[in-house]
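First comes the structure, then the notes that go with it.
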Amino acid sequence: MTSKLNCNLIQNKQLLNNNIPSSLKNLTYGIYPDSISYNDNRFIYNKLFNYFPLAMYYPRNYKDISYLIKEFVKNNSEFAIRCGGHSNEPTSLSNGFIIDVKNINEIKINKTNKTAKIGSGTRLGPFSEALKKYKLMTSVGDSSCVGMSGLSLSGGKGYLSRLHGMICDNIISLQVINYEGELININENNYP
């Protein structure tokens with residue numbers, strides 16, 4: 001009985017691998033269905049959702065993300081972007097591909113003008129700790145594993161929201177990668 005189960009799993013992995021375009025195979029920052037860590041990484045916080053992505057990518061920089069976006073568009077591939085995986089809905093899951101930006105997590109605090117520049121994969125816990133060192137804070141909740149990108153784009157309600165608004169109300173500028181793989185600066189003067 002065990003060998004039959006293993007055979008089915010191998011067939012499923014092979015089916016998934018066969019659907020990956022060659023330009024997206026064997027990337028050093030990818031986790032593929034035949035990887036030992038595949039099952040551990042395909043789930044998000046809400047374990048009710050059972051998706052089987054073709055691959056999950058953990059890019060190291062914006063150049064990696066740009067490459068992935070270009071390839072997904074070229075191959076008309078379904079994909080989702082995940083930063084914390086804390087969503088109660090499957091918004092960061094896909095049976096296509098997943099870009100997990102958790103490795104893009106730099107935090108730079110400017111104490112003089114009381115602003116922070118954070119990477120798209122930054123989690124709330126490390127961000128709050130970095131602010132604490134400068135005796136600064138922002139309106140956020142209390143779950144340290146939430147990704148700041150998703151939190152920011154979805155509102156970002158927290159204990160100080162009534163006084164200072166939500167996270168999305170406090171964004172000064174963004175750097176985003178468009179569907180053509182270009183890094184674009186967005187602020188009040190550029191793509192307002």
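The values are calculated or read from the model by the stated rules, or taken from the named source; none is laboratory data. None of these values were measured; they are calculated from a predicted model. Because the Cβ atoms are built from the backbone with ideal geometry, glycine has one as well, and the counts that use them run over all protein chains shown. These accessible areas exclude ligands, DNA and RNA; they are computed on the full protein's heavy atoms, side chains included. Shrake-Rupley method; radii C 1.70, N 1.55, O 1.52, S 1.80 Å.
In terms of the Cα gyration tensor, with a ≥ b ≥ c the square roots of its eigenvalues, is the stretch 98-160 rounded because a/c is under 1.5, prolate because a/b exceeds b/c, or oblate? Each step should come with its number before you reach the end.
Working: a/c = 1.88, a/b = 1.29, b/c = 1.46.
The shape class here is oblate.
Per atom type, the chain shows carbon and sulfur on 52% of its accessible surface, probed at 1.4 Å. Our compactness index for the stretch 62-107, the C-alpha radius of gyration over the empirical 2.2 N^0.38 Å, is 1.20. Over the C-alpha atoms of the stretch 145-192, the Rg to Rh ratio, Rh being the Kirkwood estimate, stands at 1.05.
Which translational diffusion coefficient, to the nearest whole µm²/s, is obtained for the stretch 1-142 from the Stokes-Einstein equation, given a Kirkwood hydrodynamic radius over C-alpha pairs, 37 °C and 0.692 mPa s?
Details: Rh = 17.0 Å.
Estimated via Stokes-Einstein, D reaches 194 µm²/s.
Relative to the longest principal axis of the C-alpha atoms of the chain, give the angle of the C-alpha long axis of helix 62-74, reported between 0 and 90° and rounded to the nearest 10°. For helix 62-74, the angle is close to 50 degrees.
Counting only DSSP H runs of at least 4 residues, each contributing -39500 (n - 2.57), and dividing by the residue count of the chain, the helix-based mean residue ellipticity at 222 nm comes to -8000 deg cm²/dmol.
Just to be sure I understand: if I project the alpha-carbon convex hull of the stretch 46-125 onto a plane and average over all orientations, what area do I get in nm²? Provide the component values of the computation, followed by the final result.
On the way: hull surface 25.6 nm².
Orientation-averaged projected area of the Cα hull: 6.4 nm².
Excluding ligands, DNA and RNA, the accessible surface per residue across the stretch 45-173 is 58 Å² with a 1.4 Å probe.
For the chain, the relative contact order is 16 percent, taking Cα pairs closer than 8 Å that sit 6 or more residues apart in sequence and dividing their mean separation by the residue count. When Rg and the Kirkwood radius Rh are both evaluated on Cα atoms of the stretch 61-192, their ratio Rg/Rh stands at 0.98. Helix 124-133 and the longest principal axis of the Cα set of the chain meet at an angle near 30°.
Mind ranking 94-107, 65-78 by how tightly packed they are, going by the mean number of other C-beta atoms within 10 angstrom, highest first? Mind showing how you got there, number by number?
Values: 94-107: 19.0, 65-78: 16.3.
Per-residue mean Cβ counts within 10 Å order the peptides as 94-107, 65-78.
The angle separating the long axis of helix 2-18 from the principal Cα axis of greatest extent in the chain is about 60 degrees.
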